[in-house]
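Engineer: Have a look at this one.
The values are calculated or read from the model by the stated rules, or taken from the named source; none is laboratory data. Because the structure is predicted, anything quoted here is derived from the model rather than measured. Backbone-built Cβ (ideal geometry, glycine too); neighbour counts: all protein chains shown. Surface accessibility is based on the protein's heavy atoms, side chains included, excluding ligands, DNA and RNA. Shrake-Rupley method; radii C 1.70, N 1.55, O 1.52, S 1.80 Å.
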Amino acid sequence: MEVSFSKEIEALRLGAGDTFHGEGILAITKGLLQSGVAYVGGYQGAPVSHLLDVMVQAKPYMDELGVHVEACSNEASAAAMLGASIHYPLRGAVTWKSIVGTNVAADALSNLSSPGVRGGVLIVVGEDYGEGASVIQERTHAYALKSSMCLLDPRPDLGVMVNMVEHGFRLSEQSNMPCIMELRIRTCHVRGSFECKDNLAPAVSTRALIEEPAGFDYMRLAHPPVTFRHEKLKGEERLPAARRYIAEHKLNELMPGKHTELGIVVQGGLYNALIRSLQQLGLADAFGATDIPLLVLNVTYPLVPEEVADFCVGKRAVLVVEEGQPEYIEQEIATLLRRRDIQTALHGCDMLPPAGELGVEALSGGLATFVQRHLPDHAQDSAQGWLTGNRDRRAAVAAKLETPLPNRPPSFCIGCPERPVFSALKLAQQDSGPVHIAADIGCHAFGTFEPFSMGHSILGYGMSLASRAGVSPMMQRRVLSIMGDGGFWHNGLLTGVQSALFNGDDAVLMIFKNGYTSATGTQDIISTPDDEVKAHAVDKQQSLVDKNQTIESTLKGLGVQWMRTVHTYDVDKMRKTLNEAFTSSFNGLKVIIAEGECQLERQRRIKPWIASLLRQGQRVVRVKYGVDEDVCNGDHACIRLSGCPTLTIKDNPDPLKVDPVAVVIDGCVGCGLCGANAHAATLCPSFYRAEVVQNPKWHERLLHSLRGTIVRALQPA
Amino acid sequence: MTNMNRTQPITLLICALGGEGGGVLTEWLVDIARHAGYAAQSTSIPGVAQRTGATTYYVEVFPVPLAELGGRRPVFSLSPVPGALDAIVSSELLETTRQIGNGMSTPQRTLVITSSSRTLTTAERMQLGDGRADAQRLLDVVKAFSREHHVFDMGAAARDAGTVVSAVMLGAIAGSGLYPFPREAYEEVVRGKGDKVSKMAEASLRGFSKAFDAVNTPRQQAAMVTGLLAGSKDEAPITSGLPQAVASLFPPAVQDMLALGHARVLDYQDADYAQLYVDRLQKVLAAERAVDPAGAQSFAITREMARWLALWMAFDDIVRVAELKSRASRAQRVREEVKAGDEDIVKVYDHFKPGAPEFAALLPASLADRVTAWDRRRSTPWALPLKVGSHSVFGMASLRLLASLRWLRRRGQRFSQEQALIDRWLDAVVKGTQVNWRLGHEIALCGRLIKGYGSTNERGKHNLLHVIDHLAIAPLPDGSPTARADAIAAARNAALEDEAGTALDATLVRHGAPPRPIKEQPIRWMKRTPNPASHAR
């Protein structure tokens, strides 16, 4: 696991009278416990990884409360887990990254929403949208609409967020609808505080077990003919019940303002940005007191028609502040205004940008138009000056820089075991010709960035092998599919491997076996080396992923006949193996397992180990690579084959030469790639491997001093 | 009261790279504010932070103590607002400039505290030539678009203090007086709970105070900035020891480069070879004097040739590499680079992979041809991967043995080949100069294409010769000297754009010259049969 959450776990134990200080996603986690959640599941992914990570690490305390925590193999299994709340009065919560995770979970979600739930169900999704997002830009909103699930979008204030968690469960129970809570990236990482309540141990739990299973009840199955009844129930009973609860408990907040003839309807999650925009236009104060009345939707589906109608009626114009497309909320409001024949002018996408994150600047632009149109007397000079000022400054900087600044995409970590595979792949394509590369989700997707720039398609997590099924039959040369062990277990095993074997496809699959789902924060998976293995390893520096053979035995069991395991840092062997796979006469599925443990995890193990050895004055060997500046030819071929952050360039110390030379800076973990590349690609002979022996033994010292005298005698100045 | 209602929070944008502890920094700031009794909020876009990407953190602090707010709580923004920032603190110069480019900083309002240090992006590092962004330009942007700016090397400060850059950034923030908190308030939080201060905390505090002073002490600050803006590049030391007889032959403007070049060639081979260098250079000088007797161009052609000619004549081969790697000064340099303690033992293994050509280079033509012919017949070229322990007696002895083969070099095939090529280039420079000064100058500058070793060196020579043959000599649609000079300059830059030479070929064609001949490269062809393969089970 990437981080130790001991501090956060303590925070989970806080009770009434205590104040919680910390990140939004942890506040949500605390909120679940305060609501008496009985089971929690999910699949890791930014920005909600921490919810599950903390709960997994807090297992002892969870057992104390009787809460079951499950690290699911993917979002589908997490969503299916919610089936427990169909029959039983269990409050359950699951979490994942959306939109992608919701896509994977969609089938189970539909079959959960149709019969409906008895125990409260809360799905906490990280709405990975806008700046910092790592996935396609779509709205989770659509799922709430199509499957009739409530959608909570709380104002990013820790108190409100926690409160909405508790309401979410009750809302779910009152309406029998599952509730989704969408949290944007910055909301998950916002640091604030709230007043705690005591945690509730669930009535039914791993400590207080259910004695008898529920009786047979066909209505609880998602199976015809009752599914037709379910669909009616959604409209006739569940949605009305939900609307009643939302209205009664005032989950949506009404904020008065002096310009009563105008109004703004805003998604709760965008409230803070809207207030700052109003401040910039001189229409709100530091504490959120606004001149234009607001309707803050902490629940964005279902809307309460009366609530919206009452807000709009008698107003000259209303602006709907809604992020992303399509503008579902605006459309629904338009419909209900039309049906009620309310003549208030409705604005939204006509003034606000229809696509992309609604940051303060973007929001202010639309707001300014709205105010200009409907509040013409309000002076806007300052705001307009600020907006045009921004535009002018950007142009001015661009002009001063002449050339655009180079991007800084994320890249493989220092010493990452996946980097060498792309070095080998680059070289192998020089031997066997360029190949179509079906890429995947995971750290290895960084291979699509410089200096490798490899990969033709990304169709989803674990989808690479499946995504070449239509390509490889049409392609004269073989197609390479790249998959991480995370993606393999997430669904690549079935959607890819099983299908390729069944169809006898001629395919090449490269599995990065680094032992963890590293891109999401190095969570453990079934093929992660056991803790005992790590504890007992004599040399803690070595990669330990070979100690777990689950992937290999699974593939053998499925009937994979061509399988090679290669240690990733052996570039030459990987190159040969790739060439063999590309040119072999075997026409079935060829699997190459690239073995090398995630460097992040290794360093977490190595650093304390080395430190302890040094404290005890024991012998330690530290490896660092280097470049001889007077031999380096300044061509940087080595960098084009590596991209390691510690292999960089500096001014040429030779006054005759002009091009910068390569240099290995501090931070090099001595992974060996520089040396392996130097040999595999026959780079210039400037690389050296230095082994620094700390606390050498006495005989080593003796030998070294003898050797030293002779060597020095041989050396010229 | 209404006055306070309009009070704005203090807004701070923090730019860092993954793994630099930006998360800790924001946590510190929020805690400090809380303990001091102020409302504060932070957010971040960590993304895949520890994977070396750029990350930003955003902090808002309300300048009026909570106690005076009468129970009301300010509403904070979750994202930085362009043009509404009080401060930007950044650990990397390019990222600072990027945020300024996004319109974040304004000359009216924003204090910019940035590290002068660069963490080069892959795009900058991977270029064949020098792809680095111009640091001076970046600094100019910082100066032009900030109310006040502090520039110092945060990385160095962190290294000296043995801590991470986040502690240094905190010190810079504290020193700038951005917040109404006393220095102690910061140090308390860094020190942490408990009376015993951990080693880590101590290091953090050291880094903290370094930065605090750097930003807080204006004089020190000014010195640092001017030092930077002056450009810290130290000029080439003029190595004397150039024989008077040689020196007297050349104008002063050429002397420093000539001294370096002469010394290089002498060190590379022997006095005769150095003499050859001087003779060659005199041809160039004579040609340049003829077109520019007054030295209006301060003999730039001769000066550049003094550089490139020396570098080409001292071409890299295994003898040279062995010589460089077996020097005592080199062993010392390695010890420093790997930061070995006095008691530590350092073992150095050098990666060599000499192929048939490297050995053939030292053999007389007849023998060499046979070796290379044999090598060509092989499916894959022969090469000998070596890891020579230059710390060991055997390793050092073999390096010295190799280095002592200098005499063999002169008799070797490559030596004569290189001399022939050098003369072709030299001849082109001289002829070009006689036609037109700029033409000669551009051809001279093409010496930059000749680099290093093995395939890189081969590529460079092919490119150079092709440019000479087709842009300097062969007839062109527009054969005017200036047009040729332009074409050569363009080709030279294009040649440094990509390994494959795609850009170079395009440039050649654009100027009416043929693209370089396609070089045969063995590829293992694998063709699947059109009809789908039968089930392989």
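Every residue, every condition in (1) in a loop (DSSP other than H, G, I, E, B); (2) open to solvent by less than 50 Å² (accessible area, probe 1.4 Å), yes or no:
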residue: A:D392; (1), (2): no, no
residue: A:N407; (1), (2): yes, no
residue: A:P410; (1), (2): yes, yes
residue: A:A438; (1), (2): no, yes
residue: A:H444; (1), (2): no, yes
residue: A:S481; (1), (2): no, yes
residue: A:G487; (1), (2): no, yes
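Engineer: Right, something else. Just for the range A:14-67: of the residues that are assigned to a helix (DSSP H, G or I) and of a type in the set (S, T, N, Q), which one is farthest from the chain's Cα centre (by Cα)?
Structural biologist: A:Q34
Engineer: Here is a list of conditions, (1) over 29 Å from the mean Cα position of the chain (by Cα); (2) modelled with pLDDT of 95 or more; (3) open to solvent by less than 60 Å² (accessible area, probe 1.4 Å), and B:W308 meets all of them except one; can you say which number that is?
Structural biologist: If we test B:W308 against (1) over 29 Å from the mean Cα position of the chain (by Cα); (2) modelled with pLDDT of 95 or more; (3) open to solvent by less than 60 Å² (accessible area, probe 1.4 Å), just (1) comes out false.
Engineer: So, in the range B:336-384, exactly how many residues are open to solvent by less than 70 Å² (accessible area, probe 1.4 Å) and part of a loop (DSSP other than H, G, I, E, B)?
Structural biologist: 11
Engineer: Can you give me the number of residues within the range A:455-469 that are open to solvent by 20 Å² or more (accessible area, probe 1.4 Å) and within 14 Å of another protein chain (Cβ to nearest Cβ)?
Structural biologist: 1
Engineer: OK, next. Kindly provide the set of residues from the range B:283-298 that are open to solvent by less than 20 Å² (accessible area, probe 1.4 Å) and over 16 Å from B:A428 (Cα atoms), ordered by number.
Structural biologist: B:D292, B:G295
Engineer: Please count how many residues of the range B:483-528 are assigned to a loop (DSSP other than H, G, I, E, B) and either in contact (Cβ under 8 Å) with a residue 40 or more places away in the chain or within 30 Å of A:N579 (Cα to Cα) (or both).
Structural biologist: Here the count works out to 22.
Engineer: Another question, if that's okay. Inside the range B:429-466, can you point out the residues that are among the hydroxyl-bearing types (S, T, Y) and part of a helix (DSSP H, G or I)?
Structural biologist: Answer for the range B:429-466, where residues must be among the hydroxyl-bearing types (S, T, Y) and part of a helix (DSSP H, G or I): B:T433, B:S455, B:T456.
Engineer: Which ranges mark the helices (runs of 4 or more DSSP H) fully within the range B:138-202 that have 3 or more residues being touching a helix residue (DSSP H, G or I) at 6+ places or on another chain (Cβ under 9 Å) and open to solvent by 40 Å² or more (accessible area, probe 1.4 Å)?
Structural biologist: Numbers: elements: B:154-161, B:165-176, B:183-191.
The qualifying helices (runs of 4 or more DSSP H) are B:183-191.
Engineer: Name the pairs: first residue in the range B:269-296 and on the phi > 0 side of the Ramachandran plot, second residue β-branched (V, I, T), Cβ to Cβ under 8 Å, at least 6 apart or on different chains?
Structural biologist: none
Engineer: Can you name the residue in the range A:415-469 that is of a type in the set (D, E, K, R) and touching a His at 6+ places or on another chain (Cβ under 9 Å) and, of all such residues, is farthest from A:T520 (Cα to Cα)?
Structural biologist: Within the range A:415-469, the first condition is being of a type in the set (D, E, K, R), and the residues that meet it are A:418-419, A:426, A:431, A:440, A:450, A:468.
In the following step, the residues that additionally are touching a His at 6+ places or on another chain (Cβ under 9 Å) were identified as A:418, A:468.
Details: A:E418: 16, A:R468: 25 Å.
My answer is A:R468.
Engineer: Only residues that are in contact (Cβ under 8 Å) with a residue 24 or more places away in the chain, open to solvent by 70 Å² or more (accessible area, probe 1.4 Å) and more than 14 Å from chain B (Cβ to nearest Cβ): list them for the range A:184-212, please.
Structural biologist: A:K197, A:D198, A:L200, A:A203, A:T206, A:R207, A:I210
Engineer: OK, next. Need a quick list: strands (runs of 3 or more DSSP E) entirely within the range A:617-717 having at least 1 residues that are buried (at least 21 other Cβ atoms within 10 Å of the Cβ) and touching a residue at least 40 places away in the same chain (Cβ under 8 Å).
Structural biologist: It comes to A:620-627, A:661-664, A:687-694.
Per-residue answers, yes or no, for (1) in the same structural domain as A:A144 (by TED's automatic domain parsing); (2) exposed (fewer than 13 other Cβ atoms within 10 Å of the Cβ); (3) part of a helix (DSSP H, G or I):
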| position | (1), (2), (3) |
| --- | --- |
| A:T227 | yes, no, yes |
| A:H230 | yes, no, yes |
| A:E236 | yes, yes, yes |
| A:R244 | yes, no, yes |
| A:H259 | no, no, no |
| A:V265 | no, no, no |
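Engineer: Return the pairs, sorted by first residue and then second, in which the second residue is open to solvent by 70 Å² or more (accessible area, probe 1.4 Å), the first residue lies in the range A:300-314 and is on the phi > 0 side of the Ramachandran plot, the beta carbons are less than 9 Å apart, and the residues are 6+ apart or on different chains.
Structural biologist: A:G314/A:T260
Engineer: For the list (1) within 9 Å of another protein chain (Cβ to nearest Cβ); (2) farther than 28 Å from B:G53 by Cα, I need the number of the one condition that A:K697 fails.
Structural biologist: (1)
Engineer: Follow-up. The conditions are (1) within 30 Å of A:P645 (Cα to Cα); (2) of a type in the set (K, R); (3) in contact (Cβ under 8 Å) with a residue 12 or more places away in the chain, and A:K400 fails exactly one of them. Which is it?
Structural biologist: Here A:K400 meets the rest and fails (3).
Engineer: Do we have any residue at all in the range A:569-584 that's outside the structural domain of A:G42 (by TED's automatic domain parsing), in a helix (DSSP H, G or I), over 21 Å from A:S467 (Cβ atoms) and touching a His at 6+ places or on another chain (Cβ under 7 Å)?
Structural biologist: Within the range A:569-584, one or more residues are outside the structural domain of A:G42 (by TED's automatic domain parsing), in a helix (DSSP H, G or I), over 21 Å from A:S467 (Cβ atoms) and touching a His at 6+ places or on another chain (Cβ under 7 Å).
Engineer: Then there is this: Of all residues in the range A:625-683 being closer than 17 Å to B:K387 by Cα and among the hydroxyl-bearing types (S, T, Y), which is nearest to the other protein chains (Cβ to nearest Cβ)?
Structural biologist: A:T682
Engineer: Name the single residue, out of those in the range A:528-551 being more than 27 Å from A:L589 (Cα to Cα) and either modelled with pLDDT of 95 or more or of a type in the set (D, E) (or both), that is surrounded by the most Cβ atoms within 10 Å (Cβ to Cβ).
Structural biologist: Out of the qualifying residues, it is A:D530.
Engineer: Wholly within the range B:47-136, which strands (runs of 3 or more DSSP E) include no fewer than the required count, namely at least 1 residues that are within 7 Å of chain A (Cβ to nearest Cβ) and of a type in the set (A, V, I, L, M)?
Structural biologist: So the answer is B:54-61.
Engineer: Which of the numbered conditions does A:R604 fail, given that it passes all the others? Conditions: (1) assigned to a helix (DSSP H, G or I); (2) open to solvent by 20 Å² or more (accessible area, probe 1.4 Å); (3) of a type outside the set (A, V, I, L, M); (4) facing chain B (nearest Cβ under 9 Å).
Structural biologist: (4) is the only condition that A:R604 fails.
Engineer: Okay, moving on. Six or more apart or on different chains, Cβ atoms under 6 Å: show the pairs whose first residue is in the range A:88-110 and in contact (Cβ under 8 Å) with a residue 24 or more places away in the chain and closer than 20 Å to A:A519 by Cα and whose second is open to solvent by 10 Å² or more (accessible area, probe 1.4 Å) and among the polar types (S, T, N, Q).
Structural biologist: Sorted first by the residue in the range A:88-110, then by its partner, the pairs are A:V104/A:N74.
Engineer: Sticking with this one: Got a sec? Which of A:T522, A:T568, A:T554 is at pLDDT below 95 and either open to solvent by less than 10 Å² (accessible area, probe 1.4 Å) or more than 30 Å from A:P608 (Cα to Cα) (or both)?
Structural biologist: One residue alone meets the criteria, A:T522.
Engineer: Note down all Cβ pairs under 8 Å where the first residue falls in the range A:162-173 and is acidic (D, E), the second is assigned to a helix (DSSP H, G or I), and they're at least six residues apart or on different chains.
Structural biologist: Listed pairs, sorted by first residue: A:E166/A:G31; A:E166/A:Q34.
Engineer: Hey, another quick one. Exactly one condition in (1) polar (S, T, N, Q); (2) at the interface with chain B (Cβ under 7 Å from one of its Cβ atoms); (3) under 28 Å from A:P645 (Cβ atoms) is false for A:N390; which is it?
Structural biologist: Here A:N390 meets the rest and fails (3).
Engineer: Further question: In the range A:459-481, which residue that is among the hydrophobic types (A, V, I, L, M, F, W, C) and touching a helix residue (DSSP H, G or I) at 6+ places or on another chain (Cβ under 9 Å) is farthest from A:N503 (Cα to Cα)? Before you say what the answer is, go through the steps one by one.
Structural biologist: Taking the range A:459-481 first, the residues among the hydrophobic types (A, V, I, L, M, F, W, C) are A:459, A:463, A:465-466, A:469, A:471, A:474-475, A:479-480.
Imposing the further condition that a residue be touching a helix residue (DSSP H, G or I) at 6+ places or on another chain (Cβ under 9 Å) reduces the set to A:459, A:463, A:465-466, A:469, A:479-480.
Working: A:L459: 20, A:M463: 16, A:L465: 13, A:A466: 11, A:A469: 9, A:V479: 16, A:L480: 17 Å.
Here the residue is A:L459.
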